[in-house]
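The block underneath contains the structure these notes are about, expressed in C-alpha cells.
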Amino acid sequence: MALLSNVFGKFGCFYSVRLMDGGGRCSGTVEVLHRGQWGTVCDDDWDMRDAAVVCRELGCGEPVDVLGNSHFGPGSGTIWMDDVDCTGSESTLKNCTSAGWGKHDCNQTKNAGVICSGKITEFSLFFYANTLGVRLVGGPRCSGRVEVLHGKLWATVCIEDFDQQDAEVVCRDLGCGLPVEVLGAAAFGRGEGQVWTEELQCTGNESQIHLCPKSSTLKHDCSHDNNVGLVCADMVRLVNGSRPCTGRVEVLHRGQWGTVCDDDWDMRDAAVVCRELGCGEAVDVLGKAHFGPGSGPIWMNEVACSGSESTLKNCGSSGRVIKHDCSHDSDVGLVCSVRLVDGGSRCAGRVEVLHRGQWGAVCVFGISTIAAVVVCRELGCGEFLSINAGYIPGSGPIWMSHVDCSGTESTVKHCGSLGWGEHSCLHYYDAELICSGMLKSVCIFNQSVFY
C-alpha cells in the first residue's frame, strides 16, 4: 500500500516524478521513477526551465526557486539523471534530454531541488477566511514589518517568536528571494490592531507560510514595540539607476547576484521585470552596460519571455553560468513607467508616472475610476479598491490631470489627460490609490485556491 501511495499519490494520479522532504508535495528533492526504482537528479545545469516541467507535471503551478547541493538533504540510491536540459514545454521530466539514464559525475550531496508555487483553481471566497497570508509593510519592496492575515484581519508578529527559518519562508512566499536581515524593536514602525497569537515554526523548506506548523501557545507577551521587521534580497533587482524603477537588471540564483546579457533582450522581457518589481510598464530597454558593467556571474543570456510570466526566472533563456558568449560590457538595463509610493506596500500609495526621465504625480482632479482600474492592472495589483488625496503629498512635477481611460489601455500613460505637465493642482491633491493586491496561489494536496 505504501508503494502504491508513492506512485499514485493521494488522489490516484500516476506520477513519474516526485518532490521529497520539502514539507509538502510541491517542494523538495526531485526524484524520478525509472525501471520501477526512484532515483535523484544531479543539479548540474539544473535551471528554471527544468523546474517548470516538474512543477507542471505535478500540478503544482510555476517554479518559485531552483535549489542545488542537496538543499533538502542528501538522498540515497540511484542518481538517474544529470545535465538535464528541458525546453520548458515537455509534459514530463523524463522527456527532457540528459546525459542518459544513470550516467552522471555526481554524488548524493548534489541533488536538485524545486519549490513550486502551487496550482491555482477558482475556490477563493470559501478558503480566504481560513488561509494564512503574509505581507511586508512600511518599507520598500521586499522589506518591511511582517504582518500575517488570518481570517480578514492583519496582525503583527513578535520578534521573539520569529527566527531565520520563518524569514526564509516569508521571503520565498512573497517572491523576494533570500532573507538579508531580521529586525526587531519595530524597525519599520509600530503596527496597529492585533499582535498575532500563534507562533510560526517553519523548517525553512516550505514554499508558503500557510504550510508552516504553528503553535497556539506563545512563549512571550508582546506589544507593537516588539514588532518584527524583515529585509529580503528579492529575486530580481535594478542597480545603479537614479530612481528605484530604472537600472541594470540583476537576478538572484543559488544565493548569488548576477547580470543578464543584452542578446535578444526586448520589451517583452523588460515588461516582466517591471511588473515583477511593481514598477508598471517598460518604457525603454538599454544594452551595452548603460548603467555600468556589473561583476560576478552572468546568469542569463538570450532571454525569451512571452511577456505574461510572473517572474523573469520563469522565462526561457540559453541557460545559466556557462551558456553565454557575453561580457559585462553587454549587461542589460531598463526603465519602467508607473509606481505607487509611500503607501506601505507596492499595491498602495501615491500614483507616480515616469516622463522625460523624471517621476511625477497624478492630480486627483477629474480622474476616473476606470483610470484607477488601469493603474492597478498595470502594476499587477488586482482590483481597484479606493482613490484618495491629501494623505501623502509628493514633490517634483505633477505630470497628469483629469486622467480619463477607456479601460483597454495597457498603461495609464496611454489614457487621455490635459497634457503632460498641464494642471491646476497642488501636491495636496496628488492621487493616492489602494489596490487589492496580487492574487497568490496555494497548494493543498491536489486542491488549490486563490487567496
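The values are calculated or read from the model by the stated rules, or taken from the named source; none is laboratory data. What you are looking at is a predicted structure, and each value in this text was computed from that prediction instead of being measured. Cβ placement follows ideal geometry from the backbone for every residue including glycine, while neighbour counts extend to all protein chains displayed.
Descriptive notes on the structure:
Yes or no, residue by residue, for (1) at pLDDT below 85; (2) within 27 Å of CYS60 (Cβ to Cβ); (3) part of a helix (DSSP H, G or I):
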residue: GLN165; (1), (2), (3): no, yes, yes
residue: GLU168; (1), (2), (3): no, yes, yes
residue: CYS171; (1), (2), (3): no, yes, yes
residue: VAL182; (1), (2), (3): no, no, no
residue: ARG190; (1), (2), (3): no, no, no
residue: THR197; (1), (2), (3): yes, no, no
residue: SER207; (1), (2), (3): yes, yes, no
residue: HIS210; (1), (2), (3): yes, yes, yes
residue: LYS219; (1), (2), (3): yes, no, no
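- Condition check for ALA187: within 30 Å of GLU352 (Cα to Cα), without any contact (Cβ under 8 Å) to a residue 60 or more places away in the chain and in contact with a strand residue (DSSP E or B) (Cβ under 8 Å, 6 or more places away or on another chain): yes
- Check on SER216, closer than 30 Å to LEU19 by Cβ and not aliphatic (A, V, I, L, M): yes
Conditions (1) part of a strand (DSSP E or B); (2) of a type outside the set (Ser, Thr, Tyr), marked per residue:
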{"position": "GLY247", "(1), (2)": "yes, yes"}
{"position": "VAL251", "(1), (2)": "yes, yes"}
{"position": "GLY258", "(1), (2)": "yes, yes"}
{"position": "ASP269", "(1), (2)": "no, yes"}
{"position": "GLY280", "(1), (2)": "no, yes"}
{"position": "VAL283", "(1), (2)": "yes, yes"}
{"position": "ALA289", "(1), (2)": "no, yes"}
{"position": "SER295", "(1), (2)": "no, no"}
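- Screening the candidates VAL374, VAL341, VAL332 for the property of being in contact with a helix residue (DSSP H, G or I) (Cβ under 6 Å, 6 or more places away or on another chain) and modelled with pLDDT of 80 or more yields one hit, VAL374.
- Under the condition of being touching a residue at least 60 places away in the same chain (Cβ under 8 Å) and of a type in the set (S, T, N, Q), the residues counted in the range 388-419 number 2.
- For the range 380-417, the candidate set comprises residues that are aliphatic (A, V, I, L, M) and at pLDDT 85 or above; within that set, the residue that is surrounded by the fewest Cβ atoms within 10 Å (Cβ to Cβ) is LEU385.
- Reported count of residues in the range 124-151, each being of a type in the set (Lys, Arg), at pLDDT below 70 and closer than 21 Å to LEU211 by Cβ, is 0.
- Enumeration of residues in the range 374-396 that are at negative phi and under 22 Å from the mean Cα position of the chain (by Cα): VAL374, VAL375, CYS376, ARG377, GLU378, LEU379, CYS381, GLU383, PHE384
- Condition check for TRP154 on (1) surrounded by fewer than 22 Cβ atoms within 10 Å (Cβ to Cβ); (2) more than 19 Å from GLY349 (Cβ to Cβ); (3) aromatic (Phe, Trp, Tyr): one failure, at (2).
- Filtered residues of the range 12-44 (kept if modelled with pLDDT of 85 or more and under 22 Å from the mean Cα position of the chain (by Cα)): LEU19, GLY28, THR29, VAL30
- Filtering the range 251-268 for residues that are touching a Gly at 6+ places or on another chain (Cβ under 9 Å), modelled with pLDDT under 85 and buried (at least 23 other Cβ atoms within 10 Å of the Cβ) leaves an empty set.
- If the condition is being surrounded by fewer than 19 Cβ atoms within 10 Å (Cβ to Cβ) and more than 28 Å from ARG254 (Cα to Cα), then the range 169-201 contributes ALA185, GLY189, ARG190, GLU192, GLY193, GLN194, VAL195, THR197, GLU198.
- When residues of the range 71-118 are limited to those that are in a loop (DSSP other than H, G, I, E, B) and hydrophobic (A, V, I, L, M, F, W, C), the one surrounded by the fewest Cβ atoms within 10 Å (Cβ to Cβ): TRP101
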